[in-house]
């Protein structure tokens, strides 16, 4: 993976002192580099070159910000590397690479974590907001990391070697809110409103209004006339070229009606959102679900490793009466924290996610007999099935000759 950063061309073996930081700062804004992430990480974490995660137009100042794809956090105290890495994993925010700072000792761990977004962020306001979300998830990080022009000195050894692990902005938004809810449920709504006001974001219920849509599909439901006004409320858009989808951040106050998209129009992570009510399925027994869904059967046996697959099941089971407690029981027994998924369930509900289609994520989509999604399958929609996939066809001439 190739990324763009500002990278100094002088290496250090100890932390720069005296006039050196100012000298580095002046030349760093004019040192743009586009290279493989592995090369950059080794240059910084092993060889000791100073870098800034952002690219600038000539000067290392926020007003000259051009773009950033990497997000760095600096840790000097109050948390160990193991604790920070564990929290990142719990929040589904894969660490791209990490390294020991010049001040690292085994007794006093000082380190840096670097996260890589799936595509570059070209708007400083969005980059600052994402940094603030990361800072809220990791309050132990150096407060100066909230500056997009922050420069990071090199280090004296890698902790985690770089790989292609990336995160998406919508995943960060969910993780930020889940962490906030888990650690301060009583003040969650108030804190979220304060954050939304600060960054001019809209809310859906008590959740930040950030949605991910798949582009270029023909299965988009008609949009109400009131939605025509909503396009002006989109303050940030991130195009995800690799999956032909986009993330939209809505602002300017409470957004009214939602864009209405079909169940398959979400990206691979989750189902689409919709303000139209979806009927609850009743009198569905868990054994029925196990018999009709291989993925759920494996989930109930502790075999599902992917967070996204569990998320997909949740978007469907949300609309099956009585399945919330059963889902959370399996989560607690085999997987994550029940509190974490209590919030995720609420998040899916408040954001009005529609049931995600099997063919977006399920590894058994080509094997199960289903109606597009688990919800539709359990609802029993009638359909025509081909009993013999190897049937032979005859030409019109052959049919006519036999009739004669």
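Let's see how each residue does on (1) modelled with pLDDT of 90 or more; (2) assigned to a loop (DSSP other than H, G, I, E, B):
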position	(1), (2)
295	yes, no
298	yes, no
302	yes, yes
324	yes, no
330	yes, no
359	no, no
369	no, yes
382	no, yes
390	no, yes
**Request:** Give the number of residues within the range 161-187 that are closer than 21 Å to residue 128 by Cα and assigned to a helix (DSSP H, G or I).
**Result:** 12
**Prompt:** Can you name every residue in the range 81-100 that is part of a loop (DSSP other than H, G, I, E, B) and either out of contact with any strand residue (DSSP E or B) (no Cβ under 8 Å at 6 or more places or on another chain) or closer than 16 Å to residue 306 by Cβ (or both)?
**Reply:** 91, 92, 93, 94
**Request:** Would you please name the residue that is nearest to residue 20 (Cα to Cα), looking only at residues in the range 52-61 that are in contact (Cβ under 8 Å) with a residue 12 or more places away in the chain and surrounded by fewer than 24 Cβ atoms within 10 Å (Cβ to Cβ)?
**Result:** 60
**Considering residues of the range 133-156 that are part of a helix (DSSP H, G or I) and free of Cβ contacts under 8 Å to residues at least 24 places away in the same chain only, the residue farthest from residue 79 (Cα to Cα)** = 146
**Item:** residue 377 modelled with pLDDT of 80 or more, under 25 Å from residue 180 (Cα atoms) and surrounded by 12 or more Cβ atoms within 10 Å (Cβ to Cβ)
**Value:** no
**Which listed residue, of 260, 281, is at pLDDT below 90 and either touching a strand residue (DSSP E or B) at 6+ places or on another chain (Cβ under 6 Å) or over 21 Å from residue 365 (Cβ atoms) (or both)** = 260
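Residues checked against (1) surrounded by 18 or more Cβ atoms within 10 Å (Cβ to Cβ); (2) more than 16 Å from the chain's Cα centre (by Cα):
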| residue | (1), (2) |
| --- | --- |
| 125 | no, yes |
| 131 | yes, no |
| 143 | no, yes |
| 149 | yes, yes |
| 154 | yes, yes |
| 175 | yes, no |
| 186 | no, yes |
**Prompt:** Within the range 11-33, is even one residue under 26 Å from residue 95 (Cα atoms), within 25 Å of the chain's Cα centre (by Cα), modelled with pLDDT of 95 or more and assigned by TED's automatic domain parsing to the domain that holds residue 95?
**Reply:** no
**Fill in**
Checked the range 77-108 for anything surrounded by 15 or more Cβ atoms within 10 Å (Cβ to Cβ) and over 21 Å from residue 167 (Cβ atoms); matches are 100, 101, 102, 103, 104
**Request:** Run down 77, 106, 89 and say which single residue is more than 19 Å from residue 5 (Cβ to Cβ) and under 27 Å from the mean Cα position of the chain (by Cα).
**Result:** 89
**Residue list for the range 109-138, filter: closer than 15 Å to residue 157 by Cα and either at pLDDT below 95 or touching a strand residue (DSSP E or B) at 6+ places or on another chain (Cβ under 6 Å) (or both)** = 110, 111, 112, 113, 114
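The values are calculated or read from the model by the stated rules, or taken from the named source; none is laboratory data. The model shown is predicted, which means the values in this text are computed figures rather than measured ones. FYI the Cβ positions are ideal-geometry reconstructions off the backbone, even for glycines, and counts take in every protein chain you see.
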